[in-house]
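Since the structure comes first, as structure tokens, the remarks are kept for the end.
Nothing in this text is a laboratory measurement; each read-out follows from the coordinates by a stated rule. The structure displayed is predicted, hence computed values, not measured ones. Reconstructed Cβ throughout: ideal geometry from the backbone, glycine too, with neighbour counts over all protein chains shown.
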Amino acid sequence: MGFTKLGLSDAILEAVKKQGYDTPSPIQEKSIPLILEGKDVMAAAQTGTGKTAGFTLPILQLLSQGQPTTSNQVRTLILTPTRELAAQVQDSVATYGKHLPLKSAVVFGGVKINPQMKKLRGGVDILVATPGRLIDLYSQNAVKFDQLEIIVFDEADRMLDMGFLPDIKRILKILPAKRQTLMFSATFSDEIRKLAKSMVRNPVEISTTPRNTTVKSVKQWVHPVDKSKKQALLTKLIKDHGWYQVLVFSRTKHGANRIATQLGKKGISASAIHGNKSQAARTRALADFKAGKVNVLVATDIAARGIDIIDLPHVVNFDLPHVPEDYVHRIGRTGRAGSKGEAISLVSADEAKQLFEIERLIQNKLERIMVDDFTPDHDVPESAKNIRPPKNKKPKKNNSRNKPRYGKDSDSTGKKPNKKRSFWDNKPKKKPQKKSPNTGK
Ligand code: AMP
């Protein structure tokens, strides 16, 4: 199916075409018509699935048909957990809405509030915001929601992980009850469902099957290594393989700084991004990395959330995350938009528990590859045997709800797909499960 069948205006189609997109992603194919119909939507989609355009394109269309905004009013609010994601969503809004007479703005903390207040004075059609700064602006009367038509929660699960629930509740209280609510989340845990219940009306649930399209093209493996040798191994891998654009994950801010400094000492250009860096420094580091001026970006989970770099070829987990879901978010940075990617984890003996939890979540044992001269003195214990789901087991009905993203229906084997598949082709290779058209369940 092409974009032209989705009911989008020529102005929007032209902008989409300029981006070089010819086929809507599965999530776009499902979400765009529903949003255009005015439905509340709950979509299971993570970064890399094309979700941003999935909500931005129909919103632009709906707004271009309505009344223009007036002073300090906002017609659509898009909430995101992080500043980086907010900036990226705003970029998408500006790109896709290029030929439309709509105003948009982005607001987040860590930068001066006055210029943001000024931007909001005349009202904006679309405001992309992080929760804390939005509340600050609201309490100073800089933003009003009497004309609000649509609210989007982007990466809702991450907003909860980051402790934004009280802020979200406050925001919900100040929004008009009559509105369209869209919720995008990588996972639909009980907690998310509980939150959703309080804000959506008869939502249509959508997801893509298998749950995640991106991981198919990500090759994942583990290098067992002693903790003390991780830095040297990282340097060797980058140098030996000539990796030129590597996102390295560190569990701590301090660790991120140290890794970047040590790489610098070995002649590898690297910078660190984390919560202690100013917004300007984070933006600059990201821009330098994207432009290829810096080869390695070392990031903490929160700072890296939502970073959208097309064709990022390598992700390295210097430390494994404590929360296994973060592994999935981390490797979602590579192999995106159909390109091939590699996700490499440097795992020391003390991280065995995290490794098992990750393997259980992704339902897959990660291949272990020893590197000469780096064979660990402290072995990483063998993984539990029962990680893999039994072969050819038929998926149970209704078991996809509340399941981890990479459940039994996923394809996260890390093996090369045996056939060349189209960019967004995530359809099951064999018989698809019987599903109701909109729920994806
Ligand atoms: P997202 O999941 O919104 O972060 O998007 C992932 C990436 O896919 C972004 O770099 C988009 O520019 C790109 N993208 C979104 N929709 C399409 C499409 N229909 N065809 C090709 N690329 C797309």
Inset, instruction - Could you tell me which of Thr187, Ala86, Pro68 has its Cα farthest along the dipole of the stretch 3-207 towards the positive end, charges placed at Cβ (Lys, Arg +1; Asp, Glu -1), taken about the Cα centre? - result: Pro68
Legend entry - For the stretch 238-250, 3J(HN,Hα) per residue [Karplus equation, 6.51 cos²θ - 1.76 cosθ + 1.60, θ = phi - 60°, Hz, x = Gly/Pro]: 5, 6, 4, 8, x, 5, 10, 9, 10, 9, 9, 9, 10
Inset, instruction - Would you check the stretch 46-121 for Lys pairs whose C-alpha atoms are within less than 22 Å, ignoring same-chain pairs closer than 8 in sequence, and give me the count? - result: 7
Legend entry - q = 0.13, 0.16, 0.18 Å⁻¹, the stretch 3-207: log10 I(q)/I(0) [Debye, one scatterer per Cα]: -0.65, -1.02, -1.32
Inset, instruction - Specify whether the C-alpha gyration tensor of the stretch 1-66 places it in the rounded, prolate or oblate class, a ≥ b ≥ c being the square roots of the eigenvalues: rounded for a/c under 1.5, otherwise prolate if a/b is larger than b/c and oblate if not. - result: oblate
Inset, instruction - May I ask you to compute the full-extension gain from Val371 to Leu165, defined as 0.36 nm times their residue separation minus their alpha-carbon distance, rounded to one decimal in nm? - result: 69.8 nm
Legend entry - Ordering of 219-227, 51-59 by packing [mean C-beta count within 10 Å, highest first]: 51-59, 219-227
Inset, instruction - Please list the radius of gyration and Dmax for the stretch 218-368, considering alpha-carbon atoms only, with Å as the unit. - result: 14.1, 40
Inset, instruction - Mind ranking 375-382, 132-139, 191-198 by how tightly packed they are, going by the mean number of other C-beta atoms within 10 angstrom, highest first? - result: 132-139, 191-198, 375-382
Inset, instruction - Sticking with the crude label model, points 7 Å out along Cα→Cβ, report the distance from His241 to Gln67 in nm, one decimal please. - result: 5.7
Legend entry - Added length on full extension, which subtracts the Cα-Cα distance from 0.36 nm per residue, Lys266 to Lys112: 51.7 nm
Inset, instruction - Using R₀ = 22 Å, calculate the FRET efficiency as 1/(1 + (r/R₀)^6) where r is the Cβ-Cβ separation of Val323 and His254; round to 0.05. - result: 0.70
Inset, instruction - Would you mind getting me the FRET efficiency between Ala232 and Arg121? Use the beta-carbon distance for r and R0 = 51 Å, nearest 0.05. - result: 0.40
Legend entry - Dipole of the stretch 10-135, positive end: most advanced residue of Ile59, Ile135, Ala105 [Cβ charges, Cα centre]: Ile135
